[in-house]
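Have a look at the structure below, then the notes.
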Amino acid sequence: MNYDLILLVIMMLAALMTVLSTRLLIAAIGLALTSVMITILMFKLKSPLAGVFELSICAGLITVIFISTISFVKPLTDKEIDERTKQRIKKYLALPILLILIGIILIFIIKPTTLQIPLAIQETNVRKILWDLRQVDLLGQVIILLVGVFGIVVLFRDVQKETNKK
Amino acid sequence: MISLFILVPLTSVILLNLFKGSLINKIACWFGMLLTLVQIYLIVFPVTCFWDNLSNPLGNYFILNLSADTLSKVMLLMIGIVTFISLMIGQYTYHEETQKFNFANLIILALSGMNGIVLVTDIFSLYVFIEVVAVASFILICLYKDKAGFESAFKYIILSIAATVFMLLSIVLLFLISGDTTFTAINIASKNPTYGFILVVAIGLFTCGAFTKGGLVPFHSWLPDAHSSAPTSISILLSGIVIKVSGLYPLIRLLTMTGGGNESIKNILLIVGTVSILVGALAALGQNDIKRMLAFSSVSQMGYIVLSLGTGTMLGLVGAVFHMFNHSVFKSQLFANSAAVEKQTGTRDMNKLGGIAQKMPFTGTTSIIGMLSICGIPPLAGFWSKLIIVIALWQTAHYGYAFVAVIASVITLAYFLSLQRRVFFGKIASGLENIKEAKAGLIIPVVILAAVTILVGIFFPFIMEKLIMPVGDILK
Amino acid sequence: MINILILLPFIAGLFILAMPKKARGITGFVVLLVTLINLFITIKLFRTTAMVSFPWAGFGIDFALRLDHFSSFIILAVAGFGFLISLYAVTSMKGTEIYNQFFAYLLVSLTLANGAVLADNLVVMLFFWEGLLVTLFAMITIGNKQAYKTAVKAVVLVGISDLCMMVGIGLTAHLAGTLSMSGIKLGLQSSGGVAYILLMIGAISKAGSMPFHSWIPDAAVDANLPFMAILPAALEKLLGIYFLARISLEMFSLTPDSWISTLLMIVGGITILFAVMMALIQKDYKRLLSYHAISQVGYMVLGIGTAVPAGIIGGLFHMINHAMYKSTLFLTGGSVERQAGTTDLRKLGGLGAKMPITFACFIVAAAAISGVPPFNGFFSKELVYDGALERGWIFYAMAVAGSFFTAASFLKLGHSAYLGKINDGHKNVKEAPITMLIPMIIIASLCILFGLYNSLPLHNLIQPILGEHRLEGHHFSGFPENMMLVIVTVVVLIAAYLNHIFGVKKSGSGLGAVDHIHHAPVLSGIYDKAEKRFFDPYNIGLGIVNIFVVILFKIDRIIDWIVDNFTVKVTYVFTNTIRKIHTGDAALYLSWSLGGMILIVLYIIVR
């Protein structure tokens, strides 16, 4: 019984639900479900710390932020939902074709390879990896954080001023 | 000391934000220009105490594996030049001070990210810094917060995510076969013949990601919208350096790491390059908006660079890098010209413009120089790089591709001539009789860039030996 | 040091070009300063040797400059003329629109001339030589609104000869195996001879000899005067004959018994005669002078073509002498033009009393060009006669006949412009300003100096060019050895004077002094046709070209349709399709990307 494959299929379905649904709340829950599936997979692949990060941040924090933001938003009326669905149906026609093609490609890649994949770095000490081996990435993360801060300032600050004026 | 390229912009942003005040807002742009000038200076005049010093200001706590070989130095020079021009144009086109301040900060952070891209020795760090630049670009594109800006930023985000997915897939495969993500480990692993097929697939996927970031057909679709709806100083940054440093530079690095790519990869590069050249040029012919035409022109020129890489020879690599350098110079100049035109006339629609050259002589003249360079007219710089590309193609017996490259120059000439004629020559359009030449702040960068184009063209043999041919050393 | 000679005038020229029209003062100052510096450097470098070389464009094309005696002498002469003519032009062109442009082009020409003289590599020299075409065109075009056609004619004619020279250079390089000029030593057999002839065509056409000469008289009328004084009169002669000397003396070895030497002498002789006959009948001051410029080149070519020491020395001496007195003559013409407002000889007259200094300089220069002792022209012509006589009496006869007509036409010119009745409109004409007079006076005095004290130039400038071994122990300075030649010259001069008196009596004015020659039976027909440009090779060429033009026009219509209509429509079909498929829909764009990726991966798998 290949549990991994089942988990992957559930994850794909959750992701599809996120993308296809017309109600934002369902989408946010779908996102959380996808993250949970990934977490389980990570635990199975023997990287517990990565799983913990994934669960707490993606499935936890981000879902909380999304749902709290969604609660500010007015839901669509049923009429709008129908119109939206009709518009988008055409785009989904490509989806099954794409999936089949990707499947074919994967079969071609996975089958002929008899390579011996060497095991990845055996370090399980996250602190050591993060601090000793990946310092440049940390620098990059700091820069991205600052960029993100500025992004929020640029995008949202004036909006705040406008709402204040009102 | 190379790490200062990343650390100094970062700390300067932190410092700029610690002290509040309108004075800080005013000097932010100038401060950024100072940083870029220092960067250019360090490349052009090799300061040995800077380059040879392998120590790190952060001491033993923080070891950064950075290295700067000849290709990185050329890229650093390009980054410095384009960012300087972008900041200068930005200084004189934004009206609100907070906007200018945010713009300057984001540019300096992007500068830090771009420097990081060209200095790292590890493919995963490369990805991290590509993301830095991408996120900075998203915000910058919608700086004006208008509808077009948001729409273009959205498209860019979506396609950038696609690119990221491709690149990550590829990095994962490479990580699996080499056990480590550094360039040297990948190089060693690529020599192992058992991994042949997976390696090619990994390179192919990374190439798709690089194509998307670099704006090659059919992954280019975000480019016309993003480059035309963004504020012009951002367009300069995007078209002049971001597409190269986050798209083509990783591609070059990967190809040289893994030994130049095998036949199928080279064929992909050749085909995609040719298609990009043609589609970009043909699409540019029918445009009415100056910046959209310039954006499609960027697509076309990126095609030239990829075509040159597809030859797989050292001359091809040299030609590609030289063309990257030339393109960043003249594309920045053309966009800066469009900034001047837009500021003075208030419109970018070519149907409404006409005969501006009489009122704006500097803009008109430098526009001609930029146009001649991009079409490959001797003795300007563009001619030499296109010549090297065509020679490289000829030497590897790709006669058909060489022919297409030359024919596409004709189409390039056609759409640029139509741009010149519709915007600068002819009778002055109604309503535009009273425009004056743009202020000095918008003219000086254009004149500098035009001078660089001319000088690089005239002193080409000298530059070829000193600056460009050493790039070929990275193949050894 | 020599690099400054090339860089400085070039940069200064560009700087002036960028100057706004109002900054005349700065332009004038910069020009004078730069030409003066140029002169100082060349004086300092005189008689030294130096070599500079660095790789330039691969394939053995090095940027090599060589300074030896000959080239240092020529650049000194070029610098000297550059400075003096600039001094003249700063005043004479004051108030004209083209002030800045003229000086910019002048400085750039100076650069190119310096570079061409100093170059030691054939390709580098060609680069500078061809560059002179551009400034030639520019300087003629800015003369007046209709000067464009003349400029095109000049460029076409000089361009064709330059093309011959290019082929010649290619052939020479192929034969010698190197592009470095100091390393080439070839013989004149078969292909060497062909290469020599091609190079020779380029050199003598630059100097202005027939048959590529017809642009010079037109330029004399259309272009402005300082240009005429420096370019066709001085610079081009110096460059052309310099290159001719280089190829005859160093790169190939021209010997008296080769047919090429005879060819050169024939070309020289014909040029002398035909040009001076045309000069005789001109009614415009400047046109007359320009025909003489062409004719005198004939003497130089004849001299070098004799391939005997006396002739070569004579030809080279004549080169520098001619540059001096021809530019003086043009400068006097410029003075007259500026003060009296016209150069039409029918309208001029009696200016000698009003403009005494100009008249004096004119007399000196005219006497020098006619070969009157003891001016410099006499001595160089005697040397040329000596050499020509050694090779054959017919060449001597052609040269002497040329002298006769030269003297006759200058008597006519001087009489009609400076003597006789003064025109009504010119009663208030004053002498030209002092800054315009100084260059004239300096050069005219040099003419006298070089004549009286002719061992100075001969020993220091000319003879070292040939080298001791070739001189075969002759002395060339001092009074000419062969008294018979001197006697013939004096007889010819007296005959010309008598002819002039006869002509004046017959026609009643100075201008008509040569009318009896003009209207002589056979000659009048030829003259009429020549004035209608019947013999002008350019016009003949144009006529032939015209036939082709009509045929090609018809073919062109068809090609036009293919290129203009058909291709454009096809291209726009593609363009519009591409425009339409860029719908702006983000999902569509994403699917393109994914589609592309799938195609690429499939391609990799299949291969």
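Surface composition of the protein assembly as shown: carbon and sulfur make up 71 percent of the accessible area, probe 1.4 Å. Within chain B, the selection of entire DSSP H helices by a Cα span of 15 Å or greater along the long axis and an average Kyte-Doolittle value of at least 1.6 returns B:4-18, B:22-44, B:123-141, B:147-178, B:196-214, B:263-285, B:440-458. Modelled label positions at C:Phe40 and C:Leu456, each set 7 Å beyond Cα in the direction of Cβ, lie 2.3 nm from each other.
With the cut-off at 1.5 for a/c, could you classify region C:303-401 from its C-alpha gyration tensor as rounded, prolate or oblate?
prolate
When Rg and the Kirkwood radius Rh are both evaluated on Cα atoms of the protein assembly as shown, their ratio Rg/Rh stands at 1.10. The Rg/Rh ratio of region B:262-476, with Rg taken over Cα atoms and Rh as the Kirkwood radius over Cα pairs, comes to 1.01.
Select from B:Ile277, B:Gln301, B:Ile443 the residue farthest towards the positive end of the dipole of region B:262-476; place +1 on Cβ of Lys and Arg, -1 on Cβ of Asp and Glu, and compute about the Cα centre. Positive-end residue among those listed: B:Ile443.
Residues of region B:262-285 whose accessible area (probe 1.4 Å, heavy atoms of protein chains only) drops by at least 40 Å² once all protein chains are present, relative to their chain alone: B:Ser264, B:Ile268, B:Leu282, B:Leu285. Per residue, the solvent-accessible area of region C:324-389 (1.4 Å probe, heavy atoms of protein chains only, all protein chains present) comes to 24 Å².
Of the residues B:Asn326, B:Ala336, B:Ile265, the one whose Cα sits farthest towards the positive end of the charge dipole of region B:262-476 is B:Ala336 (charges of +1 on Lys and Arg Cβ, -1 on Asp and Glu Cβ, taken about the Cα centre). Among the residues of C:571-584, the average count of other protein chain beta-carbon atoms within 10 Å of the residue beta-carbon is 5.
Classify chain B: rounded, prolate or oblate, from the alpha-carbon gyration tensor (a ≥ b ≥ c, eigenvalue square roots; a/c under 1.5 rounded; otherwise prolate if a/b is larger than b/c)?
Note, shape of chain B comes out oblate.
For C:Ser53, the residues whose modelled amide H falls within less than 5 Å of its own, excluding neighbours fewer than 5 places apart on the same chain, are C:Leu65.
Restricting the calculation to Cα atoms, region B:72-127 shows an Rg/Rh of 1.08 when the hydrodynamic-style radius is the Kirkwood one. Averaging 1/r over each pair of different alpha-carbon atoms in region C:385-432 and inverting the result gives 13.5 Å, the Kirkwood hydrodynamic radius.
Taking Cα atoms, how many degrees apart are the long axis of helix C:69-92 and the longest axis of chain C, rounded to 10 and kept between 0 and 90? The answer is roughly 90 degrees. Using just its DSSP H runs of length 4 or more, each adding -39500 (n - 2.57), chain C gives a mean residue ellipticity at 222 nm of -24000 deg cm²/dmol after division by all residues. Under a model in which nothing but the beta-carbon of Lys, Arg (+1) and Asp, Glu (-1) is charged, chain C shows a dipole of about 1520 debye around its Cα centre. The label point for B:Leu15 and the one for C:Ala353, both projected 7 Å from the Cα toward the Cβ, are 8.6 nm apart.
DSSP beta bridges in the protein assembly as shown, what fraction antiparallel, as a percent rounded to 5?
Given both bridge residues lie in the protein assembly as shown, the antiparallel proportion sits at roughly 90 percent.
Taking 7 Å steps out from each Cα toward its Cβ at A:Ile70 and C:Phe29 produces label points 7.8 nm apart. Can you tell me the 0 to 90 degree angle between the C-alpha axis of helix C:259-280 and the longest principal axis of chain C, rounded to 10? For C:259-280 against chain C, the angle is about 70 degrees. In the structure shown, the pairs C:Lys206/C:Lys421; A:Lys86/B:Lys147; B:Lys26/B:Lys145 are assessed against 30 Å; a Cα-Cα span above that value is assigned to C:Lys206/C:Lys421. State the percent of C-alpha pairs, over all pairs in chain C, separated by a distance greater than 30 angstrom. Beyond 30 Å sits 55 percent of the P(r) for chain C.
Just the number, please: buried accessible area between C and B, total of both chains, 1.4 angstrom probe, nearest 100 square angstrom.
Details: alone 25550 and 18280 Å², together 41420 Å².
Looking at C and B, the buried total is near 2400 Å².
Estimated from the Cβ-Cβ distance and a Förster radius of 51 angstrom, the FRET efficiency linking B:Trp51 and C:Val573 is about 0.40.
Our summary gives chain B a relative contact order of 15 percent, counting only alpha carbon pairs under 8 angstrom and 6 or more residues apart.
Charged side chains reduced to their Cβ positions (Lys and Arg at +1, Asp and Glu at -1) give the protein assembly as shown a dipole of some 2720 debye around its Cα centre. Once backbone amide H atoms are built at 1.01 Å from N, C:Asp284 has C:Leu345 as its partners under 5 Å, excluding neighbours fewer than 5 places away on the same chain. Peptide B:125-132 shows a mean partner chain C-beta count of 5 within 10 Å per residue C-beta. Take C:Glu382: with every protein chain present and a 1.4 Å probe, its accessible area is about 10 Å². Once you sort the root eigenvalues of the Cα gyration tensor of region C:162-243 as a ≥ b ≥ c, which label holds: rounded (a/c under 1.5), prolate (a/b larger than b/c) or oblate (the other case)? The shape class here is prolate. About its Cα centre, chain B has a charge dipole of approximately 860 debye under the convention of +1 per Lys or Arg Cβ and -1 per Asp or Glu Cβ, with nothing else charged.
Take the cross-link list B:Lys244/C:Lys580; B:Lys439/C:Lys569; C:Lys283/C:Lys381 and give me the ones stretching past 31 Å between alpha-carbons.
Beyond 31 Å between Cα atoms: B:Lys439/C:Lys569.
Using packing as a proxy for protection, rank A:12-19, C:352-359 so that the peptide with the highest average count of other Cβ atoms within 10 Å comes first.
Working: A:12-19: 15.0, C:352-359: 18.5.
Most protected by this proxy first, the peptides run C:352-359, A:12-19.
Measuring r between the beta carbons of C:Phe548 and B:Lys147 and using R0 = 51 Å, the FRET efficiency lands at 0.25. Between the listed residues B:Ile454, B:Ser385, B:Gln395, the Cα displaced farthest toward the positive end of the dipole of region B:262-476, a dipole computed from Cβ unit charges relative to the Cα centre, is found at B:Ile454. Peptides C:206-217, C:428-439, B:27-38, C:295-306 ranked from most to least packed, by the mean per-residue count of other Cβ atoms within 10 Å: C:295-306, C:206-217, B:27-38, C:428-439. Rounded to the nearest 500, the 222 nm mean residue ellipticity of chain B from helices alone is -24000 deg cm²/dmol, with -39,500 (n - 2.57) taken per DSSP H run of at least 4 residues. Computed from Cα atoms, the angle from the helix C:537-560 axis to the main principal axis of chain C rounds to 10 degrees.
Note on B:196-202: average number of Cβ atoms from other chains within 10 Å of each residue's Cβ is 4. How much FRET efficiency would the formula 1/(1 + (r/R0)^6) give for C:Ile394 and C:Asp564, where r is the Cβ-Cβ distance and R0 is 51 Å, rounded to 0.05? Efficiency, rounded to the nearest 0.05: 0.30. Residues whose amide H lies under 5 Å from that of C:Phe252, counting only those 5 or more places away or on a different chain, are C:Leu186; hydrogens are built 1.01 Å from N in the peptide plane. Between chains B and A, what is the buried accessible area summed over both chains (1.4 Å probe, protein heavy atoms, nearest 100 Å²)? Looking at B and A, the buried total is near 3000 Å².
The values are calculated or read from the model by the stated rules, or taken from the named source; none is laboratory data. The model shown is predicted, which means the values in this text are computed figures rather than measured ones. FYI the Cβ positions are ideal-geometry reconstructions off the backbone, even for glycines, and counts take in every protein chain you see. We work out accessible area using only protein heavy atoms, side chains counted, and drop any ligands, DNA or RNA first. Shrake-Rupley method; radii C 1.70, N 1.55, O 1.52, S 1.80 Å.
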